[in-house]
Amino acid sequence: ALVPPARMQQIASAAGAVACLTSGRHRAAAEALAPTLQTIVDLEQVLTNPSATVVVRHALPDPKLQDVAALVFTSGSTGTPKGVVWTNGTLLNEAYAGAERFDFSHADRMALVLPYSFAAGLTVLLFALLNGSSVHAFDPRTRGIRDLPEWIRSQRLTTLHLTPSLLRSLVGALAPDEQLPTLRLILLCGEPVFGADIANLRPHVSSDCVCVNWAGASEIGTLAFCSVRASDPLPDGPIPAG
């Protein structure tokens, strides 16, 4: 519901989508995508009716497409959003990059505050679920920022992944002596992050918390990480990308 109908229609058309899995309260939005869609499946009806049979009358014309795991759309900053194919290998590489660099494991409780309709949000899901971590969702677009600090504490979250703009809003919502003691890792992506952003955050996190400038793109996935520990000096300008 947070994606404008026109953009949903654009994405469905560009993707060549022929079927949609939905639920009762979103069925009208799915039907609005017709005639793009040939099949609409209401999951609530299927789950409550064990005898239900779902048939999607479509076959992929090219066997090579069988390896497609997701179609990720760019922001459209240079024009019309473009769809980028992510294969199963892409997903595994994203998960492996997080495990190798940050040792994600079953002990982690990850915050999902980025939209998972974009590459970064989807990657957070992969970081978590493919490394055995739990994922905890909070949508600041609907719930606002005021409740985010207490939510982080109450969920005992260990990692937080967000844009620098959202980080500034989060720090602005914190009282001068308010702490987020459970966080060990904060990944920042999507925009330039500056030394001042990290400096303003440091009084609110433990000395073990590492801040990271995470660089990548829809077309290539994760490219580089630049880690900044509590003892590291901060530049006056932007944090390097890698």
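The values are calculated or read from the model by the stated rules, or taken from the named source; none is laboratory data. Keep in mind it's a predicted model, so treat the numbers as computed, not measured. Glycine gets a Cβ as well: all are built from the backbone with ideal geometry, and neighbour counts include every protein chain shown. The protein model used for the area step is the full one, side chains on, heavy atoms only, and it has no ligands, DNA or RNA in it. Shrake-Rupley method; radii C 1.70, N 1.55, O 1.52, S 1.80 Å.
For (1) part of a loop (DSSP other than H, G, I, E, B); (2) modelled with pLDDT under 80; (3) within 24 Å of the chain's Cα centre (by Cα), each residue gets a yes or a no:
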| position | (1), (2), (3) |
| --- | --- |
| Ala6 | no, no, yes |
| Thr36 | yes, yes, no |
| Gln45 | no, yes, no |
| Val55 | yes, yes, no |
| Leu60 | yes, yes, no |
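Scanning segment 163-204 for residues that are closer than 24 Å to Thr123 by Cα, open to solvent by less than 20 Å² (accessible area, probe 1.4 Å) and at pLDDT 95 or above yields a total of 13. Note on segment 209-233: residues that are among the β-branched types (Val, Ile, Thr) and part of a loop (DSSP other than H, G, I, E, B) total 1.
Just to be sure before I move on: is Phe138 aromatic (Phe, Trp, Tyr), surrounded by 15 or more Cβ atoms within 10 Å (Cβ to Cβ) and under 21 Å from Ala241 (Cα atoms) in the structure I sent? No, not satisfied. Filtering segment 12-52 to residues that are among the polar types (S, T, N, Q) and free of Cβ contacts under 8 Å to residues at least 24 places away in the same chain leaves Ser13, Thr22, Ser23, Gln38, Thr39, Gln45, Thr48, Asn49, Ser51. Restrict the check to segment 116-124 and report whether at least one residue is over 23 Å from Leu180 (Cα atoms), open to solvent by 40 Å² or more (accessible area, probe 1.4 Å) and out of contact with any helix residue (DSSP H, G or I) (no Cβ under 6 Å at 6 or more places or on another chain). Yes - at least one qualifying residue is present in segment 116-124. Inside segment 157-208, residues that are in a helix (DSSP H, G or I) and of a type outside the set (A, V, I, L, M, F, W, C) make up a count of 11.
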